[in-house]
Structures are given as C-alpha cells and as structure tokens.
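Asks: Quick one: this structure, given as structure tokens, is what I'll be asking you about.
The values are calculated or read from the model by the stated rules, or taken from the named source; none is laboratory data. Please read these numbers as outputs of a predicted model, since none were measured by experiment. Ideal geometry is used to build each Cβ from the backbone, glycine not excepted, and the neighbour counts take in all protein chains shown. Note: areas computed on protein heavy atoms with side chains; ligands, DNA, RNA excluded. Shrake-Rupley method; radii C 1.70, N 1.55, O 1.52, S 1.80 Å.
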Amino acid sequence: MTRKDFIAGNWKMHATHLEAIQMVQKLGYRLEEADYDRVDVVVCPPFTALRSVQTVIEADYLPIQLGAQNVHFEEKGAYTGEISPGMLAKLGVGYVIVGHSERRHVFGEDDATVAKKLRAVLAAGMTPILAVGETLEEREADATEDVIGRQLDAGLRGLDTDVVAGLVVAYEPVWAIGTGRTATNEQAAEAIGFLRERIRASFGDAADATRILYGGSVNPGNIAGLMAKRDIDGALVGGASLDPDSFASIVRYWV
Ligand code: PGA
C-alpha cells in the first residue's frame, strides 16, 4: 500500500489576503510538476484569504490544494461569526483541519465538538485533517497514548472504513508546536505507529491507506529525517510554511 506524501501549511492567523496572494504565487514558482506528483501540497490560509488564494491557484493552474483551518459544524443559521462547511466547499477548499491543539486548548473545543466538525466536513464532500496531540504534562505522566487514542477514537467512531481510508490524521504534540522543540523522529514515529494500529483495530486494512502526518516545529532541516520513517506520511507545518522558500524546501524534502 503506497500512501502519497502530504505536506500542508497551516498559516494560522497570519497574512492578509494581499500577502497570501504573494505567498502562494512564490510557492508556485518554487515547485515543479514532479513535486506535485510525489506530494499533495496544501495551504491553509485564514478565511479572509481563501477566495484570493483560490483565484491565484485557478488562474495560474497551480496544483496547490486549498485547505481551511477551522469550520462550524452547522450548515447555516444564527451562528454569528462562524463559517459553514458548504461555504468552504464552494470556494474549492478540499481539506479542513479539525481539532488543532489551538482550537482545543485556546478555544476550548472538546472531542465531541471536533467529531461533529469532522462529520460536517465529510458531509460537504471535503477531507478532514484530524489533529491530535498530548500536552507536555500528559507526556510526562506517560499518558500520551491514552490522550491521542481517545482523541482519535472520538473523531473516527462510527465512520465507514472507506471514509477512514481517505482521512488525514495529524499527530501534533502540543509541546512541539511553535516551540522549536520538535519531537525526535523516533517519538513521532512511535506515536504515529500507535495511531495506525489503533485505526487498524477498528477499521482493519483501512489503516494502511490513512495518511498520518507529524506536526510541531517542522522545518527544512528536520523534515527529511521525519519522512524517512515508514509510518510518517507527511507534515502539518506552521511557522515554516509562512516563508515560501522554506515551505518549498520542506515539500522537496528529498532534494
Ligand atoms: P509549528 O505549528 O510548525 O509552527 O510548530 C504546527 C501546527 O500548529 O500545525
């Protein structure tokens, strides 16, 4: 079973729509056809830049795919300030991050909310990127597998196996996000191997198709070591995705 590499840039709350246009254009200049054959390349700009980035991607025929960082689980209604799955799908968004640690820890999203969002993304025909990860205290208390296992189960419970096969999961230890402190290749591979076996326990061979990424202080210097691990299928990149040069070198990790 071969899983295509998957590298996504999570721009978080950075870039106006004008800056975003420049970022995606620069990224487009730096990547070649063969790169996209090998890697699914995704950028997740803020909501206010999605339309602009989509326009550049279409006008320049860039094989860069569009992702969103968050979504509401309802399709429409009195939810001031929220964005629905249908609104994103109409903009050409293919992927939506659900359960990012900043959503869980800064905005208080629990497993049940994340699960509702994941299902709403699927219902709108997009692919969820389900993010899971333990805090430093949880790791030090030897609770990593309990925490990420629980987050994974809550997200995937009751889904069809073919749906699970198409999902993207991101293991992002909270202590490694934005800290410059990457998990070692072994720590990342161990947690991701655990997640894959956990998927296998409920969904069988679908586990061999689900792409599982690592995220947390990924940069051009550490990506190749992570990608050399059999179970690591790609990366969810925050800070280093804001610079098109560094993001392009991450995408071209084998160069
Ligand atoms: P980072 O963020 O690469 O800046 O650590 C990763 C993420 O939050 O997805």
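Asks: Across region 109-127, which residue is farthest from the ligand (Cβ to nearest atom) among those that are open to solvent by 60 Å² or more (accessible area, probe 1.4 Å) and in a loop (DSSP other than H, G, I, E, B)?
Replies: 125
Asks: Return yes or no: is residue 4 under 22 Å from residue 234 (Cα atoms) and at pLDDT 95 or above?
Replies: yes
Asks: Tell me, which residue of region 1-44 that is within 16 Å of the ligand (Cβ to nearest atom) and surrounded by fewer than 17 Cβ atoms within 10 Å (Cβ to Cβ) is farthest from residue 200 (Cα to Cα)?
Replies: Here the residue is 14.
Asks: I'm told residue 130 meets every condition in (1) open to solvent by less than 10 Å² (accessible area, probe 1.4 Å); (2) more than 14 Å from the ligand (Cβ to nearest atom); (3) within 22 Å of residue 72 (Cβ to Cβ); (4) in contact with a Gly (Cβ under 8 Å, 6 or more places away or on another chain) except one. Can you identify the failing condition by its number?
Replies: Here residue 130 meets the rest and fails (2).
Asks: Among the listed residues 216, 238, 204, identify the single one that is within 12 Å of the ligand (Cβ to nearest atom) and on the phi > 0 side of the Ramachandran plot.
Replies: Details: 238 fails: on the phi > 0 side of the Ramachandran plot; 204 fails: within 12 Å of the ligand (Cβ to nearest atom).
Testing whether each residue is within 12 Å of the ligand (Cβ to nearest atom) and on the phi > 0 side of the Ramachandran plot leaves just 216.
Asks: In addition: Within the set of pairs 6 or more residues apart or between chains, which connect a residue that is without any contact (Cβ under 8 Å) to a residue 12 or more places away in the chain and over 16 Å from residue 246 (Cα atoms) inside region 1-17 to a residue that is part of a loop (DSSP other than H, G, I, E, B) and among the acidic types (Asp, Glu) with Cβ atoms less than 7 Å apart?
Replies: none
Asks: Oh, and also: Name the single residue that is farthest from residue 212 (Cα to Cα) among those in region 173-189 being open to solvent by less than 30 Å² (accessible area, probe 1.4 Å) and small (Gly, Ala, Ser).
Replies: The extreme case among them is 176.
Asks: Same structure, new question: Only one of (1) in a helix (DSSP H, G or I); (2) without any contact (Cβ under 8 Å) to a residue 40 or more places away in the chain; (3) among the hydrophobic types (A, V, I, L, M, F, W, C); (4) crowded, with 22+ Cβ neighbours inside 10 Å fails for residue 201. Which number is that?
Replies: Only one criterion in (1) in a helix (DSSP H, G or I); (2) without any contact (Cβ under 8 Å) to a residue 40 or more places away in the chain; (3) among the hydrophobic types (A, V, I, L, M, F, W, C); (4) crowded, with 22+ Cβ neighbours inside 10 Å is unmet by residue 201, namely (4).
Asks: Within region 94-104, is there a residue that is free of Cβ contacts under 8 Å to residues at least 40 places away in the same chain and more than 16 Å from the ligand (Cβ to nearest atom)?
Replies: no
Asks: Kindly indicate the residue of region 219-235 that is of a type in the set (Gly, Ala, Ser) and over 15 Å from the mean Cα position of the chain (by Cα) and also farthest from the ligand (Cβ to nearest atom) among those meeting that condition.
Replies: So, considering only residues that are of a type in the set (Gly, Ala, Ser) and over 15 Å from the mean Cα position of the chain (by Cα), the one farthest from the ligand (Cβ to nearest atom) is 228.
Asks: While we're on this one: Read through the list (1) aromatic (Phe, Trp, Tyr); (2) more than 16 Å from the ligand (Cβ to nearest atom); (3) not in a loop (DSSP other than H, G, I, E, B), then give the number of the only condition that residue 254 fails.
Replies: (3)
Asks: To continue, here is another question. Restricting attention to region 180-198, which residues are within 18 Å of the chain's Cα centre (by Cα) and assigned to a loop (DSSP other than H, G, I, E, B)?
Replies: 182, 183
Asks: Does residue 158 meet the test of being in a loop (DSSP other than H, G, I, E, B), away from the ligand (no atom under 15 Å from the Cβ), open to solvent by 20 Å² or more (accessible area, probe 1.4 Å) and out of contact with any strand residue (DSSP E or B) (no Cβ under 9 Å at 6 or more places or on another chain)?
Replies: So residue 158 passes the test.
Asks: Moving on. For residues in region 45-82 being assigned to a helix (DSSP H, G or I) and touching a residue at least 40 places away in the same chain (Cβ under 8 Å), which is surrounded by the fewest Cβ atoms within 10 Å (Cβ to Cβ)?
Replies: That would be 51.
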